[in-house]
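Have a look at the structure below, then the notes.
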Amino acid sequence: MTRRVVITGASGLLGAHVMAALNRDHDVTGVDRHPWWGDEPVRLIQADLEAPDLLPRIIAEADPEVVIHCAALTNVDVCERDPGRADAVNAGLTRAIARVLAPTCLMVYISTDGVLSGQERFASEGTPPVPRTAYGRSKWRGEQAVMESTVNHLVIRTNFYGWSSGRKRTAGEWVYQSLREGRDVTLFHDVYFTPIYVVDFVDRLLALLDQPYRGVLHVGGRDRVSKEQFGRLMAEVGRFSTAHARSGSVEDAPLAASRPKDTSMTSQRCEELTALTAPSCREGLQRFLADRERTLSQRTAAGRPKLSCSPPVEP
Ligand SMILES: NC(=O)c1ccc[n+]([C@@H]2O[C@H](COP(=O)([O-])OP(=O)(O)OC[C@H]3O[C@@H](n4cnc5c(N)ncnc54)[C@H](OP(=O)(O)O)[C@@H]3O)[C@@H](O)[C@H]2O)c1
């Protein structure tokens, strides 16, 4: 069934992959302040979503059945230095979007594992959020804005990695480049998460759009790994040397925002709803590395070869 979909942050890491995946079968309008970088033509409105009167106009013209809200201020340290700005974008803009939608329109808010306290292994949707950073607090307020404004919502908490346009280097790309070029890199042994490759995330997101479920959902990978384990596994899969990779503590890093230590999540509810098993860290990294030279549309093409399951990584 073809649906009318609006995607905000459509030129960002996630938004662009969602655009490429949905554009084939749906009537999709993207909005971003940056240009489109995919290999297939799409309808993208290049504008600032906070510009006066723009939002109601876009929504009136596109008349969406689904809005996937990916636009955000995502730099955790920038948010820490300017929490007012973080709130304006991650909560204020989110509220403005939720309020302008028809009640029949499904609002999908992409949230983060950063709303979690960082003190619980494999947090579930029932675990109360206790964000530790300005970014996490602003995203939690964004979640609340959505929940207060419309019952027709999915609030999806995640932590993904992938290949961006190159305009802003993502964490996964930074680890890849450091390992590949043999640069000195410190990998944190004391920060745990359940990362998911962005294309695997998009597969699950698309499956969820066909479900009647509404509410909060965790969508991550199967394995709880430290940042160091993630980096070393990437090196193993990509056959990179780890001679220049050092193990370090996040406590010693000069970061503006002090990171929560364990934001691992269980994605069991998502598995039950989609019948898609959460991918292992190794599987995700194999796809990530195999996709390096592929275009956006090739990465997100339905029916791309699936990799066989591998055992979970032991922390
Ligand atoms: N990357 C992760 O690992 C991760 C983890 C957990 C959750 N998330 C969430 O997932 C979502 C997508 O993240 P991402 O990594 O794909 O982010 P991203 O690459 O930064 O993409 C977001 C895009 O939205 C744009 N944007 C922001 N505010 C805008 C505005 N007012 N008007 C128009 N465009 C605007 C950004 O432009 P600028 O770059 O100029 O701001 C950027 O192009 C976010 O909600 C984020 O909080 C991400």
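Bear in mind that the values in this text are calculations on the coordinates, not laboratory data. Computed from a prediction, not measured in an experiment: that's the story for all the values here. When we count neighbours, we look across all protein chains shown, and the Cβ atoms used for this are built from the backbone with ideal geometry, even at glycine.
First measure r as the distance between the Cβ atoms of Leu209 and Glu40, then evaluate 1/(1 + (r/R0)^6) with R0 = 22 Å and state the FRET efficiency to the nearest 0.05. Display every interim value, and only then the final one.
Numbers: r = 20 Å, r/R0 = 0.91.
Working from the Cβ atoms, E equals 0.65.
Measuring from the lowest to the highest alpha carbon on each principal axis, how far does the chain reach, largest first, in angstroms?
Rounded to whole Å, the extents work out to 55, 40, 36 Å.
In which sequence would Ile156, Ile45 go, from the one with the fewest C-beta neighbours within 10 Å to the one with the most? Don't skip to the answer; put the middle values down first.
Numbers: Ile156 22, Ile45 18.
So the ranking, lowest neighbour count to highest, is Ile45, Ile156.
Top mean-square fluctuation among Pro41, Pro56, Pro131, Gaussian network model of the chain, C-alpha springs under 10 Å?
In the Gaussian network model the winner is Pro41.
To the nearest 20 debye, what is the magnitude of the charge dipole of the range 4-299 about its Cα centre, counting +1 on the Cβ of each Lys and Arg and -1 on the Cβ of each Asp and Glu?
Values: 36 positive and 38 negative charges, 87 e Å.
Roughly 420 debye, rounded to the nearest 20.
Among Leu187, Ala275, Tyr161, whose Cα sits farthest toward the positive end of the charge dipole of the range 4-299 (+1 at Cβ of Lys/Arg, -1 at Cβ of Asp/Glu, about the Cα centre)?
Leu187
What dipole magnitude, in Debye to the nearest 20, does the range 112-196 give about its Cα centre under +1 on Lys/Arg Cβ and -1 on Asp/Glu Cβ?
Working: 11 positive and 9 negative charges, 58 e Å.
Computed about the Cα centre, the dipole is about 280 debye.
Just want the ordering: His17, His244, from fewest to most Cβ atoms lying within 10 Å of their own Cβ. Provide the component values of the computation, followed by the final result.
On the way: His17 25, His244 14.
In order of increasing Cβ crowding within 10 Å: His244, His17.
By counting other Cβ atoms within 10 Å of each Cβ, how are Asp27, Asp32, Asp210 ranked from fewest to most?
Numbers: Asp27 16, Asp32 24, Asp210 9.
Starting with the residue having the fewest Cβ neighbours, the order is Asp210, Asp27, Asp32.
Would you mind checking which residues have amide H under 5 Å from Arg222's amide H? H placed 1.01 Å from N; only 5 or more apart, or other chain.
Ser280, Cys281
I'd like the Karplus ³J(HN,Hα) series for the range 160-168: coefficients 6.51, -1.76, 1.60, θ = phi - 60°, whole numbers in Hz, and an x wherever there's a Gly or Pro.
Per residue, the Karplus-derived 3J(HN,Hα) values read 10, 9, x, 9, 8, 5, x, 5, 10 Hz.
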